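*Asks:* The structure is given below, and queries will be raised subsequently.
Derivation of every value follows stated rules applied to the coordinates shown; laboratory data play no part. Predicted model only: the values in this text are computed from it and were never measured. Here the Cβ positions follow ideal geometry from the backbone for every residue, glycine too, while neighbour counts run over all protein chains shown.
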Amino acid sequence: MNTKSSKAAEALFRKQDQKAAMSEYDQRRNAELEKSARLRVLRLAKEAADRDATEQAAAAKVAARKSVAKKSVAKKPAAKKPAAKSRKAVAEKPAASA
């Protein structure tokens, strides 16, 4: 009878040990899944922020180009240049003597 009860005790111990091992495995797995989910959220947030920053930089660059173009267009009509001499008038002018 002693062997029967010892076998039953061993079976019970194995069953409890197996449950404890599975419980520990499940806890580690759940912790890993939670960590992965948290890191995924952080990664997606960073990618979105980087995307927004890139779009804003591109928009600022385009705006800067437009403002420079507007300034250069606005300056052109305001400045009046003197009339250029014709080539004929320049050719007829006597050369300076040295």
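*Asks:* Straight-line reach only, C-alpha to C-alpha below 19 angstrom: list the aspartates and glutamates that residue 15 could link to, leaving out same-chain residues fewer than 8 apart.
*Replies:* Excluding near neighbours in sequence, the set is 24, 26.
*Asks:* Now, a different point. Calculated FRET efficiency, residue 10 and residue 34, Cβ-Cβ r, R0 41 Å, to nearest 0.05? Before the final figure, lay out the partial values.
*Replies:* Details: r = 36 Å, r/R0 = 0.88.
Computed FRET efficiency for residue 10 and residue 34 comes out at 0.70.
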